[in-house]
Amino acid sequence: MNLNIARWGNSLALRIPADYARRAGIKKGSKVEVRLTTDGGIAIRSARWNRRVFAQELARARGAMPMGTSVMDEVRRGARC
């Protein structure tokens, strides 16, 4: 998603879409951590980790990846040959 940067006094501002803010567990007045990444990017995350939101995201991710045949069984069979 591409977002536009706006001027806010002498600083710059970024509007975070409501869905992203909800999924990140942030709202008006929340504290966030901001850091520069090694590739020149900016990473923003909630300063307070929200276990409930994380569990919901994990459950959605698990649902998208159904369990199949164990890869380890294939590896073990290959090691026996």
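The values are calculated or read from the model by the stated rules, or taken from the named source; none is laboratory data. Just so we're clear, the structure is a prediction, and the values are computed from it rather than from any experiment. Cβ placement follows ideal geometry from the backbone for every residue including glycine, while neighbour counts extend to all protein chains displayed.
Checking Ile16 against (1) in contact with a strand residue (DSSP E or B) (Cβ under 9 Å, 6 or more places away or on another chain); (2) exposed (fewer than 10 other Cβ atoms within 10 Å of the Cβ): exactly one of these is not met. Which one?
Looking at each condition in turn, Ile16 falls short on (2).
Mind checking which residues of the range 19-36 are under 21 Å from Ala55 (Cβ atoms) and either among the β-branched types (Val, Ile, Thr) or at pLDDT 95 or above (or both)?
Ile26, Val32
Determine which member of the set Arg45, Arg62 is at pLDDT 80 or above and over 20 Å from Asp19 (Cβ atoms).
Matching residue, one of Arg45, Arg62: Arg62.
Cβ contacts < 6 Å: first residue over 23 Å from Lys31 (Cβ atoms), restricted to the range 43-67; second residue part of a helix (DSSP H, G or I) and among the acidic types (Asp, Glu), any location; separation 6+ or different chain. Result?
Taking only residues 6 or more apart or on different chains, not a single pair turns up.
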